[in-house]
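Reviewing the structure listed below.
The values are calculated or read from the model by the stated rules, or taken from the named source; none is laboratory data. Here the structure is a predicted model, which means the values were calculated and not measured. Positions of Cβ are generated from backbone atoms using ideal geometry, with glycine treated the same way; all protein chains shown enter the neighbour counts. Calculation scope for accessible area: heavy atoms of the full protein, side chains included, ligands and nucleic acids excluded. Shrake-Rupley method; radii C 1.70, N 1.55, O 1.52, S 1.80 Å.
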Amino acid sequence: QLQQAAGEEHARMLQRKLVIERRKEELERQLQEAEAERRAAAEKEMAEQVVAERERLQAEAVRREKERREREAVEAEEERRRELAKTLADQRKTIKKNIKKSAAVAIETDVEKLAAMATTDLVKEQRELIADERAEFERRLEQFRKRLDHLERARREVERPALARAKEAQAEADKAAHEAYVAQFVQRATELRAHCVAEKARLLRVKEDKAEFEKARLEARTSMHEAACARRAEELKEARLARRDERRDERARKKAAERRRVEEARAHEEAERRRAEEAERAQREKEEQARKLAEIEEKKRAREAEIEAKLQAERLAANGPTWADRESDEEEEELPLPAREAPGGRNGSGPAPAAPGPGG
């Protein structure tokens, strides 16, 4: 009885210790959550500050970039106007030399004054000056064309008699040159004809010798050609026989290789069939062994369950509910939900816990 009371007291102490541990864990969890929320709020505030500072810096950079671009645009416009003014001043100096204007019209050529003028006014005035220059150039060009036409007509009037005299002199010179060429050609043709007749008379003496030489040479070349043809025919015959023998040997080699390939394929198929049969038989044996092991395991589990049920029934019949179980049920009603789910039974009908497990 003392041992039973000591065991019940030990169980109650363990239960109280478990409750205290759970409450400590709950308090630590709440503290950790509060600390995590505080850190998250601080990190969020810091992130917002960083984002705001980054946005401010970006806006400042955009503003500075915009001002820089505007300043560069103004400077570029000023530079462009100065370049335009300089170019127009150079052009106006040339126009001033070419255009004959009255003294009341003045053409400005100072670069600073031109740069101070509005671009539209400057371009408009420049276009007018260019138009005046073009009109003056066309007028001068027309005067030059008329002067050149008059000079050309005068030149033609003066050179017409000279051209007629030159034509008559050239005709007489061409006629004399033609007559000299014809006389020279006739002389060369007469001399060539006499030379050919003399050469023909000289060659007639060796005509018979030439015919005999050609006949002997032809017979010698004919016999050489016939001998060469005979040798070539013999070589072709031997080559044809060699190719026939080679083709016969090649056909024999191909037939032997085909027979070997068929035999190897048949042997390979037979080996594959044997391997497949071996694999199928091994698979059937493996499945049969697994089935037998599963049946043995199922019988073993059923036997163990039956033994466990008998032992549980014997323990319940021998002990029954104790005073410690009833007291633990009363304390369990005061505990929060996680404590009531601790080992010891939901309804107070199970045995008292021996020791708390890891993590409750």
message: I'd like to check something: does segment 283-300 contain any residue that is among the hydrophobic types (A, V, I, L, M, F, W, C), in a helix (DSSP H, G or I) and at pLDDT below 85?
response: no
task: Using the structure shown, decide if Glu128 is acidic (Asp, Glu) and modelled with pLDDT under 85.
output: yes
field: Residues being closer than 14 Å to Leu84 by Cβ and of a type in the set (D, E, K, R) - total across segment 118-145
entry: 4
query: Of these, Glu306, Glu280, Glu287, Glu258, which one is open to solvent by less than 90 Å² (accessible area, probe 1.4 Å) and under 55 Å from the mean Cα position of the chain (by Cα)?
result: Glu258
message: Going through Ala11, Ala34 one at a time, which residue ends up being in a helix (DSSP H, G or I), free of Cβ contacts under 8 Å to residues at least 60 places away in the same chain, open to solvent by less than 60 Å² (accessible area, probe 1.4 Å) and over 30 Å from Ala131 (Cα atoms)?
response: Ala34
query: Failed condition for Lys97, given (1) open to solvent by 90 Å² or more (accessible area, probe 1.4 Å); (2) at pLDDT 75 or above, with all others met?
result: (2)
message: For segment 80-89, check the following and say yes or no: at least one residue is over 53 Å from the mean Cα position of the chain (by Cα), closer than 30 Å to Glu138 by Cα and at pLDDT below 90.
response: yes
query: What are the residues in segment 132-156 that are modelled with pLDDT of 85 or more and among the aliphatic types (A, V, I, L, M), if any?
result: Leu141, Leu148, Leu151, Ala154
- prompt: Has segment 217-226 got at least one residue that is open to solvent by 70 Å² or more (accessible area, probe 1.4 Å) and within 60 Å of the chain's Cα centre (by Cα)?
  reply: no
